[in-house]
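Asker: Take a look at this one; I'll ask things after.
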Amino acid sequence: MTLSKTLKEKTKPYKILVGMVWTTFDDIQGGMPVEWTPKTLSDELLFGISLRGMSVFSSRPNHISYSKMPATIPFPEHELFSICTVLYETSETNRGGFSINLVSILIPQVVMEMAWIDLRQIQAIFSKYFEYYEGDPIHHKKALIKEIAHETDLILKRKLKVINEGEKIREHLTKYLDSYLVSSLTLDEQKLIHTRVITLMRLLDRVLEAGDNERIQRALDRMNFILEQELSDELVVMYQHTISDLVQP
């Protein structure tokens, strides 16, 4: 079963993303979800995200600002992970002179377990919106998390496409090794083809792990070179179109 089929019933209304939650912590109520998307997220999930997140980011900050290192928190009971960051907000009423805002991106557990999430990309999204945050109250939380959720989902959708196409290519390459075309070659030629196909499969793995389009493009350029220089014209024709699709936005 492909990853897209596995996720089909778990990711509405986003393609991959489960959702996002903005939590505010205070001395009296503790962690309280104040904004989230989509609005269909359950109360059990919202408060679970908020309370467990508080245990990660409850310590006093060194300075009032945006925490640049995201935390990853598992929620196996909900089959998801939270990738979150914290904004320390100045406050005259809260103990210590600050309050804590937790921004949590909710990712399906199956996606995290396959280890194809690059936290640097998630961190880049957080940085885009919070790089210059200096502790002032943020009043447009609802609009902000919708923008972040949309941008994150686009990146994850792109990765899903790469994974699914990579799975197809890997399957075809495996069949190619067992095909009559290969078996009809001399033993030395078969060994050469086998070596090149295994190299190509390893490059496919690097594509699936790539965290950005530039790294994907470099791996695919190398794959194209192997196809054109080392394998048969038939295989080149079979894959050129599919491989080029991997780098389309």
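The values are calculated or read from the model by the stated rules, or taken from the named source; none is laboratory data. Since this is a predicted model, take the numbers as computed values, not measurements. All Cβ positions, even for glycine, are placed from backbone atoms using ideal geometry, and neighbour counts span all protein chains on display.
Asker: Would you mind telling me which numbered condition in (1) outside any loop (DSSP other than H, G, I, E, B); (2) modelled with pLDDT under 80 Leu45 fails?
Answerer: The number of the failed condition is (2).
Asker: Which number in (1) closer than 16 Å to Thr85 by Cα; (2) surrounded by fewer than 13 Cβ atoms within 10 Å (Cβ to Cβ) marks the one condition that Phe126 misses?
Answerer: Status for Phe126: all satisfied but (2).
Asker: Filter the range 32-42 for residues that are in a loop (DSSP other than H, G, I, E, B) and touching a helix residue (DSSP H, G or I) at 6+ places or on another chain (Cβ under 9 Å); which is surrounded by the fewest Cβ atoms within 10 Å (Cβ to Cβ)?
Answerer: Step one: list which residues in the range 32-42 are in a loop (DSSP other than H, G, I, E, B), which gives 38-42.
Narrowing further to those that are touching a helix residue (DSSP H, G or I) at 6+ places or on another chain (Cβ under 9 Å): 38, 41-42.
On the way: Pro38: 14, Leu41: 18, Ser42: 9.
Looking at the filtered set, the residue picked out is Ser42.
Asker: Then there's this: Name the one entry in Asp136, Asp178, Asp188 that is surrounded by fewer than 11 Cβ atoms within 10 Å (Cβ to Cβ) and touching a residue at least 24 places away in the same chain (Cβ under 8 Å).
Answerer: Of the residues listed, the single one that is surrounded by fewer than 11 Cβ atoms within 10 Å (Cβ to Cβ) and touching a residue at least 24 places away in the same chain (Cβ under 8 Å) is Asp136.
Asker: Enumerate the helices (runs of 4 or more DSSP H) found wholly within the range 133-249, keeping only those where 3 or more residues are at pLDDT 80 or above.
Answerer: On the way: elements: 141-177, 180-183, 187-209, 213-230, 233-245.
Once the helices (runs of 4 or more DSSP H) in the range 133-249 are filtered for at least 3 residues that are at pLDDT 80 or above, what remains is 141-177, 187-209.
Asker: On to the next question. Considering Lys39, Lys68, Lys12, which residue is basic (Lys, Arg), on the phi < 0 side of the Ramachandran plot and modelled with pLDDT of 85 or more?
Answerer: Lys39
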